[in-house]
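This report concerns only the one structure given below.
The values are calculated or read from the model by the stated rules, or taken from the named source; none is laboratory data. These numbers were taken from a predicted model, which means no experiment stands behind them. We place every Cβ from the backbone using ideal geometry, glycine too, and count neighbours over all the protein chains shown.
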Amino acid sequence: MKSRLGLLLLLLPALGLIAGFLTALTSVLVMSVVDSSGALSLESYRSFLGDERYMTILLRSVWIAFYVTVICLVLGYPIAIAMSRSSRTVASLITLALAIQFFSIYVVKMYGWMLILGNNGVVNRMLVGSGLVSSPVKLMYNELGVAIGLTAAALPLMVFPINAVLQTISLRYEEAALSLGAGRLRALLTITLPLSVPGILSGVILTFVFCFAAYLTPGLLGGGFFKMIGNVIYEQAVARFNYSLAAASAAITLVISLFAVVAVNKASQAFAGGRR
Amino acid sequence: MRTGAGSRDPLTTLATVIAFVVLFVATFPLFVTAITAFNATNETVFPPNGWSLRWFRNIARQPELVQAAGFSLVLAVVSSAISISLGVVSAVALTRRKFFGRDLIDAFLMSPLLVPQVILGLSFLVFFVRVGSRQPFLNLLFLHVVITFPYALRVIRSSLTRMNPKLEEAAVGLGASSLKSFFLVTFPQMRPSLFVAIFFCFVVSFDNFTATAFLTVSGATLPV
């Protein structure tokens, strides 16, 4: 009995902390279903779902998060392959580059992209300077800029989990396929790729949720011209003090994120079941 | 034997080339920002029109920025210290004792990671407005501990799982109290993971913009 009590005492502070956080989260969810007088009301959901602007922003956030996740997977998978298979020096160089990317201050990173994509930025100066275009191309304050920024910011979230799984897959399987006459590409696609699906799925979850609820990237690279759902939540809460609408948007965002997590988990279980 | 088959494989070479190109492009903005800081003119262009340290002198002359940097630093240090102490204690409880509902408690403790930052920020804003707490530092500290704690727990927990519990049992078997065996046997083995955890917590706190922006008037911490 003594050890039970000790255990409870050890866990108590952390449990209290997280309980405090969940209380705060619940207070938002509660706020989304009551009106100003405190009565139960779905008014805030009605004004969110009934407003075409908010619906456009919500759907666009899902769509952009979806295709940025696909791009991150396409770019990230080769990086994870290179990380797990090349010589130690090359692998640590890649890890270092990813770590710099991951740990660098987010605001600074996005500011760097603004310097590159702006009308007077690196890319446009090169394009105009070389005579390819006569006036600067619009690369930011639009969807393109936001998508580029999100891809760069989310890439490590995709690569790290895939690499973690690839490290555990023995190359012998592919060697066996090769010795049985399969080509390298076929061995990769039919042996390694299916085995690495659990890593791909966790990368997909992290990337999707990160992009879907992004606030800073669309804030800076969208510059108010291209908003995502995170910007709506912030604006309503901090600039307009419309807490109930912000709470309803947050609840919808949370439900979609959790739905994505559950859907991917189910897919991963179905996949594991299919292999057995 | 991992590299033996892979290194001369044309596909791996191709993957490595892709990796270098993509990572070069992704890291490029950071170099641009760093170099632009030494720009001599008011126009922010790259490559700069001239070189100077004037922007750094400028920072030193702006008391708000210096103050914000100090505030960020104190916040990151204090919140990391709290998260790590909580992380050590909880990780020991979660790994050294078997009990009913352990996985549930683990998932519960990791839950802040699943909630998007904007929603975290909004939750705390609404919560503090409702409670009427007007202590900016304490409010932010609570938020930052919640954000950093799951990282601390995950890192410390995984190092404890990899340790050999027999060593502790041996210490206890030889007559050490469980507290003594923790400090003499477990803690020294945990030390590398503590540094990793400190690094994670510090960076996560110092860098946090999204959730923090909800709780502050512009400019309280450095990123904001």
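Okay, here's what the table says:
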quantity: Filter result for the condition that a residue is at pLDDT 85 or above, within 11 Å of chain A (Cβ to nearest Cβ) and within 24 Å of the chain's Cα centre (by Cα), over B:Phe200, B:Phe149; calculated: B:Phe149
quantity: Residue within region B:175-190 that is within 23 Å of the chain's Cα centre (by Cα), within 14 Å of chain A (Cβ to nearest Cβ) and exposed (fewer than 15 other Cβ atoms within 10 Å of the Cβ) present; calculated: no
quantity: All positions within region B:172-208 that are closer than 18 Å to B:Ala93 by Cα and aliphatic (A, V, I, L, M); calculated: B:Val172, B:Leu179, B:Leu184, B:Val185, B:Met190, B:Leu194, B:Ala197
quantity: Any hit, region B:170-184, residues being in contact with a helix residue (DSSP H, G or I) (Cβ under 9 Å, 6 or more places away or on another chain) and under 21 Å from A:Ala14 (Cα atoms); calculated: yes
quantity: Test: A:Ile169 is surrounded by 14 or more Cβ atoms within 10 Å (Cβ to Cβ) and either assigned to a helix (DSSP H, G or I) or aromatic (Phe, Trp, Tyr) (or both); calculated: no
quantity: Selection from region B:84-103 of residues that are over 13 Å from A:Leu8 (Cα atoms), more than 9 Å from chain A (Cβ to nearest Cβ) and without any contact (Cβ under 8 Å) to a residue 12 or more places away in the chain; calculated: B:Asp103
quantity: Selection count where residues are over 17 Å from A:Gly199 (Cα atoms) and over 19 Å from the mean Cα position of the chain (by Cα), scope region A:58-94; calculated: 9
quantity: Failed item, numbered, when A:Leu96 is tested on (1) without any contact (Cβ under 8 Å) to a residue 24 or more places away in the chain; (2) buried (at least 17 other Cβ atoms within 10 Å of the Cβ); calculated: (2)
quantity: Which numbered condition B:Ala171 fails, given (1) at pLDDT below 75; (2) in contact with a Lys or Arg (Cβ under 8 Å, 6 or more places away or on another chain); calculated: (1)
quantity: Residues being assigned to a helix (DSSP H, G or I) and more than 7 Å from chain B (Cβ to nearest Cβ) - total across region A:225-246; calculated: 8
quantity: Residue in region A:39-56 that is of a type in the set (A, V, I, L, M), in a helix (DSSP H, G or I) and away from chain B (no Cβ under 13 Å) present; calculated: yes
quantity: Flag for A:Ala214 being under 16 Å from B:Gly121 (Cα atoms) and not in a helix (DSSP H, G or I); calculated: yes
quantity: Region A:107-143, residues that are buried (at least 19 other Cβ atoms within 10 Å of the Cβ) and in a loop (DSSP other than H, G, I, E, B); calculated: A:Gly118, A:Gly121, A:Leu139, A:Met140, A:Tyr141
quantity: Considering residues of region B:104-135 that are more than 10 Å from every other protein chain (Cβ to nearest Cβ) and over 21 Å from the mean Cα position of the chain (by Cα) only, the residue nearest to A:Val30 (Cα to Cα); calculated: B:Gly132
quantity: Number of positions in region A:149-187 that are among the polar types (S, T, N, Q) and under 13 Å from the mean Cα position of the chain (by Cα); calculated: 1
